[in-house]
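**Student:** The structure follows.
The values are calculated or read from the model by the stated rules, or taken from the named source; none is laboratory data. Quantities reported herein were computed from a predicted structural model and do not represent experimental measurements. Glycine gets a Cβ as well: all are built from the backbone with ideal geometry, and neighbour counts include every protein chain shown.
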Amino acid sequence: MKKCLVLDLDNTLWGGIVGEDGPEGIQLSMQAPGNSFIAFQQAILDHYDRGIILAINSRNNPEDAWKVIRTHPNQILKEHHFAAARINWNDKASNIRELAEELNIGLDSMVFLDDDPTNRALVRSLVPEVEVPELPANPREYARFLHGLPYFEAKVITDEDKMRGNLYVTERLRKEAEKAHPNKEEFLKSLGLQLFLYKDRADCVPRLSQLTEKTNQFNTLKQPFSEDEIAAFMTSSGHHVYHGRLQDMFGDYGVIIFALVEKNDKVWNIRSLLMSCRVFDRGVETALLSHVLEEAKKEGVEEITVEYQETEKNPPAKTFIDKHFTNQKLSTTTTIPSPSWMTLTL
């Protein structure tokens, strides 16, 4: 499944070239041919509402393009719908690489739509990881074409899926806010981070199953669990399932961390620990481990162990384990404080 839809502007989101025709002269109206572009934008908005990230990749004057997006009465997609934008005169292959880096997503999770066959060929050649479908020549077919693409189908659409487009927009706000602080810790304190931790709570089972399937970088055990498996762990006397939801002054990150703990009399084993990459460097994983450690102490547990299977993509998980565990073992006599910049709500 793809995560991000990267869009050209001229003759893609609207008819005509705004730099030549002006905002008043582009085709974006209730009459043909402008109505085809309105229908296409509505189809894109439908994808956004299902959690697809939107980004712009356009060779254009930024002032002209943003004027249409911000002020045109028939423009459906507004500035807040786009998580990132490259509106410049650089080549589109370079732009799309920059977009992937800014959004912290893989190039192979992106789909690029552009009416210009030269731009499509360029991106296919220089960034082969990106999916570049053949947009129809007739704009009347754009909306149907988008709905027919197979890249955005999902077995289950969770609340986090629906939030995804907005999550990336708010992340852009956080990056801008960070520039006003002298260091990372001061920035984190300013966010008012609040972590809600839950244990064996069944209302988030679909999201937790989804996390086990999708999470790669911070994941100690790359093993997906089905909804039925996670629900069974929650009702088992030999397991606990922990998860957390993070919020700050800019909004809700959603459910972003999962831990499966196997319980024995004197040893608890963290069989799986994983966390969404969008909350790296927030201290969420440390806060969760601190909470699990305190619960283990209360039940007379002497040691916590953690399973780890190395993959090409999960060094962040190994770094965390090396910091807190010795040979993947942690004594419960150890104290691990939660980050000072975070409020913990149980």
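**Student:** Looking at (1) at pLDDT below 95; (2) under 29 Å from E312 (Cβ atoms); (3) surrounded by fewer than 19 Cβ atoms within 10 Å (Cβ to Cβ); (4) not charged (D, E, K, R), which is the one condition that is false for H239?
**Tutor:** For H239, the failing item is (1).
**Student:** Right, next: Can you tell me which residue is surrounded by the fewest Cβ atoms within 10 Å (Cβ to Cβ) among those in segment 293-334 that are touching a helix residue (DSSP H, G or I) at 6+ places or on another chain (Cβ under 8 Å) and among the hydroxyl-bearing types (S, T, Y)?
**Tutor:** Among those that are touching a helix residue (DSSP H, G or I) at 6+ places or on another chain (Cβ under 8 Å) and among the hydroxyl-bearing types (S, T, Y), it is T334.
**Student:** Looking at segment 144-183, which of its residues are β-branched (V, I, T) and farther than 22 Å from E101 by Cα?
**Tutor:** In the first step, residues of segment 144-183 are kept if they are β-branched (V, I, T); the result is 156-158, 169-170.
Scanning segment 144-183 gives V156, I157, T158.
**Student:** Which number in (1) outside any strand (DSSP E or B); (2) crowded, with 17+ Cβ neighbours inside 10 Å marks the one condition that I270 misses?
**Tutor:** Single failed check for I270: (1).
**Student:** To continue, here is another question. Need the failing condition index for Q247 against (1) farther than 24 Å from L193 by Cβ; (2) touching a strand residue (DSSP E or B) at 6+ places or on another chain (Cβ under 9 Å); (3) polar (S, T, N, Q), just the number.
**Tutor:** Unmet condition: (1).
**Student:** Among what's in segment 328-346 and is more than 22 Å from Y308 (Cβ to Cβ) and among the hydrophobic types (A, V, I, L, M, F, W, C), pick the residue that is nearest to the chain's Cα centre (by Cα).
**Tutor:** It comes out as M342.
**Student:** Another question, if that's okay. Any idea which of (1) out of contact with any helix residue (DSSP H, G or I) (no Cβ under 7 Å at 6 or more places or on another chain); (2) under 21 Å from L45 (Cα atoms); (3) not assigned by TED's automatic domain parsing to the domain that holds H81 is the one K179 doesn't satisfy?
**Tutor:** (2)
**Student:** Another question, if that's okay. Looking only at segment 15-30, decide whether some residue is closer than 25 Å to E131 by Cβ, touching a helix residue (DSSP H, G or I) at 6+ places or on another chain (Cβ under 7 Å), crowded, with 19+ Cβ neighbours inside 10 Å and in the same structural domain as A143 (by TED's automatic domain parsing).
**Tutor:** Narrowing segment 15-30 to residues closer than 25 Å to E131 by Cβ: 15.
This time we only want the ones that are touching a helix residue (DSSP H, G or I) at 6+ places or on another chain (Cβ under 7 Å), so: 15.
With the extra rule that they be crowded, with 19+ Cβ neighbours inside 10 Å, the set shrinks to 15.
Retained after the next criterion (residues that are in the same structural domain as A143 (by TED's automatic domain parsing)): 15.
Yes, because at least one residue in segment 15-30 is closer than 25 Å to E131 by Cβ, touching a helix residue (DSSP H, G or I) at 6+ places or on another chain (Cβ under 7 Å), crowded, with 19+ Cβ neighbours inside 10 Å and in the same structural domain as A143 (by TED's automatic domain parsing).
**Student:** Let me ask something else about it. Which one of these is surrounded by 15 or more Cβ atoms within 10 Å (Cβ to Cβ), among the aromatic types (F, W, Y) and either more than 26 Å from T343 (Cβ to Cβ) or modelled with pLDDT of 95 or more (or both): F233, F250?
**Tutor:** Numbers: F250 fails: either more than 26 Å from T343 (Cβ to Cβ) or modelled with pLDDT of 95 or more (or both).
None of the other options fit; the residue is F233.
**Student:** Got a sec? Which of A55, A39, A93 is in contact (Cβ under 8 Å) with a residue 24 or more places away in the chain and surrounded by 20 or more Cβ atoms within 10 Å (Cβ to Cβ)? Before you say what the answer is, go through the steps one by one.
**Tutor:** Values: A39 fails: surrounded by 20 or more Cβ atoms within 10 Å (Cβ to Cβ); A93 fails: surrounded by 20 or more Cβ atoms within 10 Å (Cβ to Cβ).
Matching residue, one of A55, A39, A93: A55.
**Student:** Would you mind finding the one in I336, I257 that is among the aliphatic types (A, V, I, L, M) and under 27 Å from E102 (Cα atoms)? Lay out the reasoning, then the answer.
**Tutor:** Numbers: I336 fails: under 27 Å from E102 (Cα atoms).
Going through I336, I257 in turn, the sole match is I257.
**Student:** What's the total number of residues in segment 218-253 that are outside any loop (DSSP other than H, G, I, E, B), within 20 Å of the chain's Cα centre (by Cα) and closer than 27 Å to D322 by Cα?
**Tutor:** The initial filter retains those residues of segment 218-253 that are outside any loop (DSSP other than H, G, I, E, B), namely 218-219, 227-235, 239-248, 251-253.
Then keep just the ones that are within 20 Å of the chain's Cα centre (by Cα); that gives 218-219, 243-248, 251-253.
This time we only want the ones that are closer than 27 Å to D322 by Cα, so: 218-219, 243-246, 253.
So the count comes out to 7.
**Student:** Keeping to segment 1-41, report how many residues are closer than 19 Å to G148 by Cβ and out of contact with any Leu (no Cβ under 9 Å at 6 or more places or on another chain).
**Tutor:** Counting residues in segment 1-41 that are closer than 19 Å to G148 by Cβ and out of contact with any Leu (no Cβ under 9 Å at 6 or more places or on another chain) gives 3.
**Student:** With the requirement that a residue be of a type outside the set (A, V, I, L, M), part of a helix (DSSP H, G or I), in contact with a strand residue (DSSP E or B) (Cβ under 7 Å, 6 or more places away or on another chain) and more than 17 Å from H240 (Cα to Cα), what does segment 281-319 give you?
**Tutor:** Applying the first criterion (of a type outside the set (A, V, I, L, M)) to segment 281-319 yields 281-283, 285-286, 290-291, 294-295, 297-300, 302-303, 305, 307-316, 318-319.
Subset that is part of a helix (DSSP H, G or I): 285-286, 290-291, 294-295, 297-298, 315-316, 318-319.
Narrowing the set further to residues that are in contact with a strand residue (DSSP E or B) (Cβ under 7 Å, 6 or more places away or on another chain) leaves 285, 291, 316.
Residue satisfying the conditions is P316 alone.
**Student:** Something else: Only one of K78, K92 is under 22 Å from the mean Cα position of the chain (by Cα), among the basic types (K, R) and either modelled with pLDDT of 90 or more or not assigned by TED's automatic domain parsing to the domain that holds G244 (or both). Can you tell me which?
**Tutor:** Working: K92 fails: under 22 Å from the mean Cα position of the chain (by Cα).
The conditions single out K78.
**Student:** Among P139, P133, P150, which is the only one that is touching a Pro at 6+ places or on another chain (Cβ under 7 Å) and either surrounded by 15 or more Cβ atoms within 10 Å (Cβ to Cβ) or of a type outside the set (A, V, I, L, M) (or both)?
**Tutor:** On the way: P133 fails: touching a Pro at 6+ places or on another chain (Cβ under 7 Å); P150 fails: touching a Pro at 6+ places or on another chain (Cβ under 7 Å).
Testing whether each residue is touching a Pro at 6+ places or on another chain (Cβ under 7 Å) and either surrounded by 15 or more Cβ atoms within 10 Å (Cβ to Cβ) or of a type outside the set (A, V, I, L, M) (or both) leaves just P139.
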